[in-house]
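Chemist: Submitted below is the structure of interest, expressed as structure tokens.
Quick note: the coordinates plus some simple rules give every number you see, no bench work behind them. Since the structure is predicted, the reported quantities are computational estimates derived from the model, not experimental observations. Every residue, glycine as well, gets a Cβ built from its backbone with ideal geometry; the counts of neighbours run over all protein chains shown.
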Amino acid sequence: MVKHKSLIIFTCASLLLVSMSLACGQAQQAAPAAPASKTSFEAVTYTNDEIGFSISYPKAWIKKPPTGDTLLQVASSPDTGADGLLISAVAAVPDIAAGGKTLLDNSQIFKQFGATVTVDSTSNLTLADGKTPAVEIESSTQIMNYKMNMFSIGATKGSKTVYVTTYTFRGDRNKALLLEVIKTLAFK
């Protein structure tokens, strides 16, 4: 049963990443740069010069090869069901929360399992750069018997809306860290 659960979680997380990346607009990946801000974790900072943003994530997390149009994907471990981070950029949307929900709902994995994303809460905030307005989105879905929690920030710059999403199958255990990661998003 444990092997079956791990396989299902791994398959769901992998398909989510692939399907979200295929639904996203195109952008070039830039190399990681030095950390930009103070965090509670030892950080690596990813910078995308084409769109003009950066984000920090824990140095111990493992970078995964990007798929499709995904800009960056990392996971907390190679284990199935690990917490993860996905960064995508799409054509600018007028309603960031609705656009994020639509992006997830239209992902292959959620369609495959008949899952629908529930937006649990949204709030307006300012990014780490101190000037860019953004929307924080907490959402969840049920894939078979497993609840997936997602914590996202979406912000628009020019013709692109950038979505930074962390996800977990582990409930609220790492919620503070996952929220801290997404809140390091900053536009230049």
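Chemist: Evaluate E = 1/(1 + (r/R0)^6) for Ser140 and Asp49, where r is the Cβ-Cβ distance and R0 equals 35 Å; express this FRET efficiency to the nearest 0.05.
Modeler: 0.55
Chemist: In the structure displayed, which of Lys59/Lys111; Lys111/Lys157; Lys59/Lys188; Lys38/Lys101 lie more than 26 Å apart, Cα to Cα? Spell out each step's value before the answer.
Modeler: Values: Lys59/Lys111 33 Å; Lys111/Lys157 29 Å; Lys59/Lys188 22 Å; Lys38/Lys101 30 Å.
In this structure, Lys59/Lys111; Lys111/Lys157; Lys38/Lys101 exceed 26 Å between Cα atoms.
Chemist: Then there's this: Order these by the 10 Å Cβ neighbour count, fewest first: Ser107, Ser88.
Modeler: Details: Ser107 22, Ser88 28.
Placing the least packed residue first, the sequence is Ser107, Ser88.
Chemist: For segment 145-188, what does the alpha-carbon gyration tensor say about shape, rounded, prolate or oblate, given a ≥ b ≥ c as the root eigenvalues, a/c under 1.5 as rounded, and a/b over b/c as prolate?
Modeler: On the way: a/c = 5.57, a/b = 2.00, b/c = 2.78.
In terms of gyration-tensor shape, oblate.
Chemist: Given 0.36 nm per residue, what is the gain on full extension from Asn106 to Leu125 after removing their alpha carbon distance, in nm?
Modeler: Numbers: separation 19, 0.36 × 19 = 6.84 nm, distance 2.58 nm.
Taking Asn106 through Leu125 to full extension adds about 4.3 nm, to one decimal.
Chemist: Arrange the following residues from fewest to most other Cβ atoms within 10 Å of their Cβ: Lys101, Lys38. Walk me through the numbers before you get to the answer.
Modeler: Working: Lys101 19, Lys38 8.
So the ranking, lowest neighbour count to highest, is Lys38, Lys101.
Chemist: Taking neighbour counts of Cβ atoms within 10 Å as a proxy for exposure, in what order, fewest first, do Thr165, Thr39, Thr118, Thr102 appear?
Modeler: Values: Thr165 25, Thr39 18, Thr118 11, Thr102 15.
Placing the least packed residue first, the sequence is Thr118, Thr102, Thr39, Thr165.
Chemist: Quick one: which residues, 5+ away or cross-chain, put their amide H under 5 Å from the amide H of Phe53? H built at 1.01 Å from N.
Modeler: When sequence neighbours closer than 5 places are left aside, the close amide H contacts are Asn48, Lys188.
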